[in-house]
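Beneath this line is the structure, given in structure tokens, with notes to follow.
The values are calculated or read from the model by the stated rules, or taken from the named source; none is laboratory data. Keep in mind it's a predicted model, so treat the numbers as computed, not measured. All Cβ positions, glycine included, derive from the backbone under ideal geometry; neighbour counts span all protein chains shown.
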Amino acid sequence: MSVGATTLRLMEGEVKKALLGVLERVSAASKARTPLLAECPEIKWHMIGHLQSNKVKKVVEIPGLYCIETVDSIKLASAINNAVKKTENEGKLKVFVQINTSDEENKSGVHPDEAAILVRHIQESCPHLALAGIMTIGAFDHDLSVGPNPDFQRLLKCKARICEECCMEPKDVELSMGMSNDFEHAILVGSTNVRVGSTIFGTRNMKK
């Protein structure tokens, strides 16, 4: 799946383009954009960005929310599950477990060695959530001329381990990895979902 990653710059005309999904950072922008979201029920919204437990209720109430791609702890998974339970939405909310494959302290995500534990918690203790797959943010400065992105390779190993320890079929665990700068490489090594922003919407102008 190709997913468009948007920012505050998102315009109505762009939203209505034929994207399979649109991916949105968890921020105040989502709340401001609620009327537009309601007018575009066909769009599947993927939420990214670090999500705090006290923001979960507002996020799960966003019209058209399709999945949350950044579940990185048992506490957060439980909070999302409880919030979904209280909504009038039918069915389960899809979630991805975010894994910190680079061991960088400034990046969110569960440690690879603890990913299967979080997956099992979602399977066994979160009846209102459906595990869609696992997600990582690869190193932005990796030189592909020296070899595959090690973050992507580590996520592939995490998938294999999760499938074995949690009794899951590989086809049931999607891989969300790859952005505008490396999505082609990500697809080649096995990504099923790429988060493409600037390639579709252009480079945003940062406010000073």
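Some observations on this one:
- Breaking point among (1) at pLDDT below 85; (2) closer than 28 Å to Val56 by Cα; (3) in contact with an Asp or Glu (Cβ under 9 Å, 6 or more places away or on another chain), for Gln98: (1)
- When the residues of region 46-89 are filtered to those that are surrounded by 19 or more Cβ atoms within 10 Å (Cβ to Cβ) and of a type in the set (D, E, K, R), the one that is farthest from Lys107 (Cα to Cα) is Glu69.
- Filtering region 101-111 to residues that are polar (S, T, N, Q) and touching an Asp or Glu at 6+ places or on another chain (Cβ under 8 Å) leaves Thr101, Ser102, Ser108.
- For beta carbons closer than 9 Å, sequence separation of 6+ or different chains, a first residue in region 152-173 that is on the phi > 0 side of the Ramachandran plot and a second that is in a loop (DSSP other than H, G, I, E, B) and of a type in the set (A, V, I, L, M), there are no qualifying pairs.
- Single match in Val84, Val119 (criterion: touching a strand residue (DSSP E or B) at 6+ places or on another chain (Cβ under 8 Å), of a type outside the set (Phe, Trp, Tyr) and farther than 24 Å from Met177 by Cα): Val84
- For region 115-146, a residue qualifies if it is part of a helix (DSSP H, G or I) and either hydrophobic (A, V, I, L, M, F, W, C) or exposed (fewer than 12 other Cβ atoms within 10 Å of the Cβ) (or both), and the qualifying residues are Ala115, Ala116, Ile117, Leu118, Val119, Ile122, Glu124, Leu144, Ser145, Val146.
- Any hit, region 189-199, residues being part of a helix (DSSP H, G or I), over 27 Å from Gly64 (Cα atoms), at pLDDT below 90 and not aliphatic (A, V, I, L, M): no
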